[in-house]
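Down below is the structure, laid out as structure tokens.
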Amino acid sequence: MPVIFRKEGTDGALLAVWKITEPEEELISRLRLTDSMERRLSMITHPVRRREWIASRLLIQELNGATAEIVHAEDGRPTLASMDLHVSITHTRGYAGVLLSPKGPIGIDIEYPSERLVKLSDRFVNDFEAAQMNGINKQTGCALIWCSKEAVFKALDQPGLLFKEEVEVEGLSGMPEGMPEGMLKARVKRDNFETKLDLNYIVSPDYYLVWSW
């Protein structure tokens, strides 16, 4: 199983990213499927999406040793049916990422490098964030802002969260070039809710990754 890296956080949190190279038949032969997991998989018809779904569940199984059946708690957050662990899943072209933790909130997002997020940046980058991108690669800046807001959205039980107006990412100014990794912060503010989250990021030639644990 080509796990690119694995990290351990505080309070028993585990993070891993896997490059998906195996055919579906090999992936499915290694995954312990429950009846409900089989039913869910049967509803996914696109070959790429099927491999991503199987790979993410197999990665959970490898990290935690338990069946990777996901259920939703009363607040809507996903947890593992086999034990009381919060889980966040992400995937992009050829990669799957999983974050597990006994404590919430947690969230993770991964994206592949492209110009598409630059073209869509007016929809999710606000003026405060745009000012931070002076002097850094715009594709990298937009990708990290998008991944940060996706991770925040997954971590918080805040339906309808407005990425541009209600989430503010800081920490991009002075980010080193090359293959950096470091910390960002996100501030969320809406009508009757306000919080801050610490975020970790990794930038590689093949993907951008942001998580909060």
*Taking the options M133, M175, name whichever one is outside the structural domain of G12 (by TED's automatic domain parsing), over 28 Å from T10 (Cα atoms) and without any contact (Cβ under 8 Å) to a residue 40 or more places away in the chain.*
M133
*Please go through segment 123-142 and pick out each residue that is of a type in the set (D, E, K, R), under 17 Å from E170 (Cα atoms) and exposed (fewer than 14 other Cβ atoms within 10 Å of the Cβ).*
D127
*asked:* Among the residues of segment 100-112, are any assigned to a strand (DSSP E or B), in contact with a helix residue (DSSP H, G or I) (Cβ under 9 Å, 6 or more places away or on another chain) and more than 21 Å from I145 (Cβ to Cβ)?
replied: yes
*Residues (surrounded by fewer than 18 Cβ atoms within 10 Å (Cβ to Cβ), under 27 Å from I202 (Cα atoms) and of a type in the set (D, E, K, R)) located in segment 11-36*: D11, K19
*Go through segment 157-175 and give me each residue that's within 24 Å of G104 (Cβ to Cβ) and either in contact with a Pro (Cβ under 6 Å, 6 or more places away or on another chain) or among the acidic types (D, E) (or both).*
D157, E166, E168, E170
*Considering L161, L172, which residue is part of a loop (DSSP other than H, G, I, E, B), over 22 Å from I89 (Cβ atoms) and under 19 Å from the mean Cα position of the chain (by Cα)?*
L172
_Looking for something within 18 Å of the chain's Cα centre (by Cα), in a strand (DSSP E or B) and within 27 Å of H86 (Cα to Cα) - is there at least one such residue anywhere in segment 134-151?_
no
*Conditions: (1) surrounded by 15 or more Cβ atoms within 10 Å (Cβ to Cβ); (2) more than 24 Å from P205 (Cα to Cα); (3) assigned by TED's automatic domain parsing to the domain that holds R32. F153 meets all but one. Number of the miss?*
(3)
*Scan segment 61-89 residue by residue and report those that are under 25 Å from P113 (Cα atoms) and in contact (Cβ under 8 Å) with a residue 40 or more places away in the chain.*
S88
*Inside segment 113-130, can you point out the residues that are farther than 25 Å from S56 by Cβ, without any contact (Cβ under 8 Å) to a residue 40 or more places away in the chain and part of a helix (DSSP H, G or I)?*
V118, K119, S121, D122, D127, A130
*Does E52 satisfy the criteria of being buried (at least 17 other Cβ atoms within 10 Å of the Cβ), in contact (Cβ under 8 Å) with a residue 40 or more places away in the chain, among the acidic types (D, E) and at negative phi?*
yes
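The values are calculated or read from the model by the stated rules, or taken from the named source; none is laboratory data. These numbers come from a predicted model, not from an experiment. Heads up, the Cβs are rebuilt from the backbone with ideal geometry, glycines too, and the neighbour counts pull from every protein chain shown.
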